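The values are calculated or read from the model by the stated rules, or taken from the named source; none is laboratory data. This structure is a prediction, so every number in the text was calculated from the model and none was measured. Don't worry about glycine lacking a Cβ; one is built from the backbone with ideal geometry, like all the others, and counts go over all protein chains shown. For accessibility, only protein heavy atoms count, side chains too; no ligands or nucleic acids. Shrake-Rupley method; radii C 1.70, N 1.55, O 1.52, S 1.80 Å.
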Amino acid sequence: MHACMLAALRLNGFPCKRPENVTADDFFSSALALPGNTGNPVGSAVTAANVEKLPGLNTLGVSMSRVDYAPWGVNPPHTHPRATEIIYVLEGSLDVGFVTTAGKLFARTVCKGELFVFPRGLVHYQKNNGGAPAMAISAFNSQLPGTQSLAVAMFGASPPVPTDVLARALQIDGGLVETIKSKFPPK
């Protein structure tokens, strides 16, 4: 039995259970069994199986996600600040890529049965390049990898990032920044 399950304390911010309270359900999840709803503006759905949903992962340093893609759907540019991601394509094919801190894009097509690695903290994306649904499984070397969407971080922050800052950084008009912000209401 994992050490975290042996004490009544919190480790990594998550509760550890006393041994007499541990069950097989702490190590089981069916979270990835069903497809996610891809009927959204980006055409993808990420379903996580991390320590928040699977307590037995606490301190183990691993987690997974299922990513479903509508035809031509995109998992928009994002980062995982606490993990490297490896994606395995189960159905369809994806155009994927990541950008290094030097601004170099590494991109390619990944087909059914193939995998691709996104290094920790680097901006990356995936796009279904076909007219049929696609699906992939992602594995992470963290129990809680975190995800930060670039668009949401810039245009949906609360309080908002000042429009003049974004306009200057992106070299676009402030009115366009406001139009984009309207598509990402703060959470």
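Within the range 58-67, not a single residue is out of contact with any strand residue (DSSP E or B) (no Cβ under 6 Å at 6 or more places or on another chain) and closer than 17 Å to GLN148 by Cα.
Taking the listed residues SER138, SER142, the one that is outside any loop (DSSP other than H, G, I, E, B), out of contact with any Leu (no Cβ under 9 Å at 6 or more places or on another chain) and of a type in the set (Ser, Thr, Tyr) is SER138, with no other qualifying. In the range 11-53, the qualifying residues are those that are among the acidic types (Asp, Glu) and in contact (Cβ under 8 Å) with a residue 24 or more places away in the chain, and the one that is least open to solvent (accessible area, probe 1.4 Å) is ASP26. Residues in the range 48-90 that are in a loop (DSSP other than H, G, I, E, B), over 15 Å from PRO35 (Cα atoms) and among the small types (Gly, Ala, Ser): GLY61, ALA83. I'd like to know if the range 86-106 contains one or more residues that are more than 10 Å from the chain's Cα centre (by Cα), open to solvent by less than 60 Å² (accessible area, probe 1.4 Å) and within 30 Å of LEU9 (Cα to Cα). Scanning the range 86-106, I find no residue that is more than 10 Å from the chain's Cα centre (by Cα), open to solvent by less than 60 Å² (accessible area, probe 1.4 Å) and within 30 Å of LEU9 (Cα to Cα), so the answer is no. Going by the conditions given, is SER138 closer than 27 Å to LYS53 by Cα, open to solvent by 60 Å² or more (accessible area, probe 1.4 Å) and not β-branched (Val, Ile, Thr)? So SER138 fails the test.
For every residue, the table says whether it meets (1) within 30 Å of PHE14 (Cβ to Cβ); (2) over 13 Å from the mean Cα position of the chain (by Cα); (3) at pLDDT 95 or above.
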{"residue": "ARG108", "(1), (2), (3)": "no, yes, yes"}
{"residue": "CYS111", "(1), (2), (3)": "no, yes, yes"}
{"residue": "ASN128", "(1), (2), (3)": "no, yes, yes"}
{"residue": "ALA136", "(1), (2), (3)": "yes, no, yes"}
{"residue": "ALA139", "(1), (2), (3)": "yes, no, yes"}
{"residue": "GLN143", "(1), (2), (3)": "yes, no, no"}
{"residue": "ALA153", "(1), (2), (3)": "yes, yes, yes"}
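Taking each residue of the range 152-181 that is farther than 23 Å from VAL42 by Cβ and looking for partners that are modelled with pLDDT under 95 and open to solvent by 70 Å² or more (accessible area, probe 1.4 Å) with beta-carbon atoms closer than 9 Å, six or more apart or interchain, yields PRO159/PRO186. Reported count of residues in the range 162-180, each being open to solvent by 40 Å² or more (accessible area, probe 1.4 Å) and either hydrophobic (A, V, I, L, M, F, W, C) or at pLDDT below 95 (or both), is 6.
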